[in-house]
Amino acid sequence: MYCWPCEEVRSVLDLTETAEPVKQLPHAGFPFIVKGNSPNVTLSDVQIMYFFNKHIFDRDASRVMSSDKSWNTIEELVHHNLSENPTYLRDGHITWRINRLEPARIVRSLFKRPHFFPNTVNVERFILIDEANSPPYYQPLPEGYRVFLMQTCGERLIILEPVPGCNNNCSRVSVLLQSSDILYYNSWFYRVKSMPVTNTSSISIMYVGSY
C-alpha cells in the first residue's frame with residue numbers, strides 16, 4: 001500500500017483562518033481542522049427534527065445502534081430524553097445511520113454542510129450521540145474516503161490511527177473536537193477512534209459525512 005500521504009503528518013493542520021481549506025491542503029491525505037465553522041445542534045434540536053418528520057424517519061431511518069438495549073429505534077431514544085434522564089454511569093452511546101434520500105435531506109437541513117466541501121456528498125451519513133463518559137470506540141466507515149466530522153455539541157477527543165499497512169510508516173495523531181469544530185481526514189490512511197474528554201459533563205453530538 002502507498003503510505004506516502006500520511007508519512008509526513010505529525011499533527012492535524014489548523015486551517016481555521018483559511019477561506020478555502022480544501023484548496024490549501026498539501027494533498028488529499030492530510031487531515032485538517034476548522035474551528036467554529038460547524039452549526040450548533042443539540043439533542044433537543046434532533047428531537048424536534050424527529051417529531052416534525054416522524055413519519056419519514058419511522059419509515060426510512062428508524063433503527064439505531066445503542067449501548068442500551070432498550071433503545072433500538074430513534075423513536076425510543078427520543079422518548080427517553082437522554083438530556084433529562086441520563087444513564088447511571090453517563091456512558092451511553094448511539095449510532096444513527098441515515099442512508100435514504102428523503103431523511104438525508106431533512107438531516108442535511110439541520111446539519112448544514114460547510115461551503116468548502118463539495119455538493120457531491122454521499123447520501124449515507126451518521127449521527128453519533130455520546131454521554132460524557134461514553135467509552136472509546138472506532139467510528140463507522142462511511143461510503144466515501146474523504147470524511148468530515150462536524151462536532152455540533154459537546155466535545156470528544158479524536159485519535160487518527162494509521163490503517164494496517166501504514167502503521168510502520170505513519171504516526172498516530174490526535175485532536176480535541178469542541179462544539180462547532182470540523183475535522184477532515186482520509187479513510188484510506190486513517191481509522192478514527194472517539195474518546196471521552198476528562199472533566200466534561202455535556203452530551204456530545206457528532207455528524208459524519210463523506211464524499
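FYI, it's all coordinate maths here, none of it is from the lab. Just so it is clear, the model here is predicted, and its values are computed rather than measured. In this analysis, Cβ positions are derived from the backbone assuming ideal geometry, glycine residues included, and neighbour counts consider all displayed protein chains.
Brief remarks on what is shown
- For segment 11-28 and segment 156-211, distance of Cα centres in Å: 16 Å
- Partner lysines for Lys23 [C-alpha distance under 29 Å; skip if fewer than 8 residues away on the same chain]: Lys35, Lys112, Lys193
- Extent of segment 126-211 along its three principal axes (Cα atoms, max minus min coordinate, largest first): 37, 26, 17 Å.
- This ranking places Trp71, Trp4, Trp96 by how few other beta-carbon atoms lie within 10 Å of each, fewest first, which gives Trp4, Trp71, Trp96.
- Shape of segment 61-169 from the C-alpha gyration tensor: oblate (a/c of 1.5 or more and a/b not above b/c, with a ≥ b ≥ c the square roots of its eigenvalues).
- Sparse-neighbour loop sites [GluC sites (Glu not before Pro); segment 28-133; at most 12 other C-beta within 10 Å; DSSP]: Glu84
- Normalised by the number of residues in the chain, the mean separation of alpha-carbon contacts (under 8 Å, six or more apart) gives a relative contact order of 29 percent.
- Counting charges near Leu128 (Lys, Arg +1; Asp, Glu -1) among other residues having Cβ under 13 Å from its Cβ returns a value of +1.
- Cα-based radius of gyration for segment 27-123, normalised by 2.2 N^0.38 Å, reads 1.22.
- Shown for His93, His115: other C-beta atoms within 10 Å of each C-beta, ranked fewest to most, produce the order His115, His93.
- Database remark: amide H of Tyr190 closer than 5 angstrom to the amide H of Val163 (H placed geometrically; neighbours at sequence offset of 5 or more, or on other chains; Pro and chain starts carry no H).
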